[in-house]
Amino acid sequence: MTVSVLVVDDSGFFRKRLTEILNASGNIRVVGAATNGREAIEMADKLRPDVITMDYEMPIMDGITAVKEIMKRRPVPVLMFSSLTYEGARVTLDALEAGAVDFLPKNFEEIARDNSQLQKILRERILDVARSRPGTRPAPAVPSTPPPAQPARPQTRGPARPTPAQRRAEPEAEAARSSRKTQPRSYSVVGIGTSTGGPIALQRVLTRLPSRFPAPIVLIQHMPASFTPAFADRLNKLCQIEVRQAEDGDMLRPGLALLAPGGKQMMIENKGPHGRVRILESDERLTYKPCVDVTFGSLARSFPGKTLGIILTGMGADGKEGCRMMKQSGSVIWSQDEKSSVIYGMPMAVAKAGLSDEVLALDDIGERMVEGVC
């Protein structure tokens with residue numbers, strides 16, 4: 001299947017180079033190019049592309065305004081291009097809130113060179129974004145009415161394992177079994193890991209928590225180093241709890257959420273009354289910087305059986321092995337459900353591995369944290 005793309009940018013060079021790179025992939029085809037947001041809206045209606053790449057700063061109409069209008073008319077997965085500055089991060093976060101699925105740094109020098117690695121990342125990101133669910137964008141956080149309880153499907157117990165065919169035929173039954181509520185308990189720390197779709201998902205979850213939330217929280221979001229300070233500031237302004245970017249030596253405490261800095265790894269030690277943060281340079285062999293598996297693995301070692309791990313929307317399977325370590329130590333794991341995930345990759349990997357104690361809709365996670373963390 002060929003993925004059709006609409007390229008939106010006021011730079012003729014960038015439009016031309018991006019078109020060349022994408023068309024050379026064989027399974028991606030650029031069907032149109034727009035020079036501003038207004039043209040983008042018109043061409044999106046006419047061409048009905050599978051994915052739109054969007055610049056922010058353009059004449060006539062900027063990218064965020066265009067994204068908002070496109071989401072109103074016909075939601076389409078949008079990949080934003082962003083500068084690696086604090087202001088670029090702020091604008092990109094606005095674009096994600098408007099409905100964009102993901103973003104990539106906009107680097108004219110790299111895209112001008114014959115950089116095979118950059119081209120590979122760009123093509124893979126387009127294909128991943130094409131599989132996303134743009135219609136899952138959450139509305140502004142407001143108290144929601146929980147859906148009526150559904151009767152749980154009976155769980156069959158016995159020595160026989162289900163066959164692969166039975167597993168494929170009963171995904172809803174698997175979800176029902178793993179969605180039973182865990183009993184409220186005291187946790188030393190709550191860890192939340194996420195990637196694509198995570199900035200808005202984290203906002204949705206954390207804004208539900210009271211200022212006196214009884215456990216420390218650590219956040220791992222796949223994000224560049226220049227973006228995490230702006231993201232932490234944004235969350236701090238929106239939430240009742242305190243949110244800031246973690247620094248080496250920070251002490252964990254209830255009512256505080258620490259965000260792993262981009263480009264590095266965050267580990268948690270069992271030091272002090274609630275734990276201490278270590279920020280380390282990342283091993284080049286690690287794909288993700290920060291990596292959920294690294295942080296969750298440290299939580300499993302430092303607080304065995306005393307951690308709540310939560311995996312939200314995101315591409316790939318980062319977090320699965322960390323959750324496995326936490327689960328083996330007696331800790332509890334929750335994962336986001338498929339319907340509310342922008343990309344059902346990370347939470348699916350955890351759920352399919354049988355590690356999820358609860359599978360929850362995004363709108364329910366914050367409320368369950370309030371109920372389930374003593």
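Taken over the range 218-251, the residue count meeting the criterion of being of a type in the set (S, T, N, Q) and surrounded by fewer than 16 Cβ atoms within 10 Å (Cβ to Cβ) is 1. Any residue in the range 217-238 that is in a strand (DSSP E or B), of a type in the set (S, T, N, Q) and in contact (Cβ under 8 Å) with a residue 24 or more places away in the chain? Yes, because at least one residue in the range 217-238 is in a strand (DSSP E or B), of a type in the set (S, T, N, Q) and in contact (Cβ under 8 Å) with a residue 24 or more places away in the chain. Go over the candidates G330, G354 one by one and state the one that is open to solvent by 50 Å² or more (accessible area, probe 1.4 Å), farther than 22 Å from A257 by Cβ and either modelled with pLDDT of 95 or more or assigned to a helix (DSSP H, G or I) (or both). The match here is G354. Close Cβ contacts (under 7 Å, 6 or more residues apart or on different chains) running from residues in the range 325-336 that are free of Cβ contacts under 8 Å to residues at least 12 places away in the same chain to residues that are open to solvent by less than 40 Å² (accessible area, probe 1.4 Å) and not polar (S, T, N, Q) are absent. For the range 284-327, a tally of residues being among the hydrophobic types (A, V, I, L, M, F, W, C) and not in a helix (DSSP H, G or I) returns 9. Please specify each residue of the range 243-284 satisfying the condition of being free of Cβ contacts under 8 Å to residues at least 24 places away in the same chain and under 14 Å from L219 (Cβ atoms). Answer for the range 243-284, where residues must be free of Cβ contacts under 8 Å to residues at least 24 places away in the same chain and under 14 Å from L219 (Cβ atoms): R244, Q245.
Scanning the range 273-319 for residues that are among the β-branched types (V, I, T) and either open to solvent by 20 Å² or more (accessible area, probe 1.4 Å) or closer than 16 Å to L259 by Cα (or both) returns V277, I279, T287, V292, V294, T295, I310, I311. Y344 passes every criterion in (1) surrounded by 22 or more Cβ atoms within 10 Å (Cβ to Cβ); (2) in contact with a strand residue (DSSP E or B) (Cβ under 7 Å, 6 or more places away or on another chain) apart from (2). Just to confirm my filter: which helices (runs of 4 or more DSSP H) fall fully inside the range 1-116 and include at least 3 residues that are buried (at least 18 other Cβ atoms within 10 Å of the Cβ)? By residue number, 12-23, 37-47, 63-73, 86-98.
The values are calculated or read from the model by the stated rules, or taken from the named source; none is laboratory data. Worth saying up front: this structure is predicted, and the values here are computed from it rather than measured. As a convention, Cβ positions derive from the backbone with ideal geometry for all residues, glycine included, and neighbour counts pool all protein chains shown. For the accessible areas, the whole protein counts, side chains as well, though only heavy atoms, and no ligand, DNA or RNA atoms are used. Shrake-Rupley method; radii C 1.70, N 1.55, O 1.52, S 1.80 Å.
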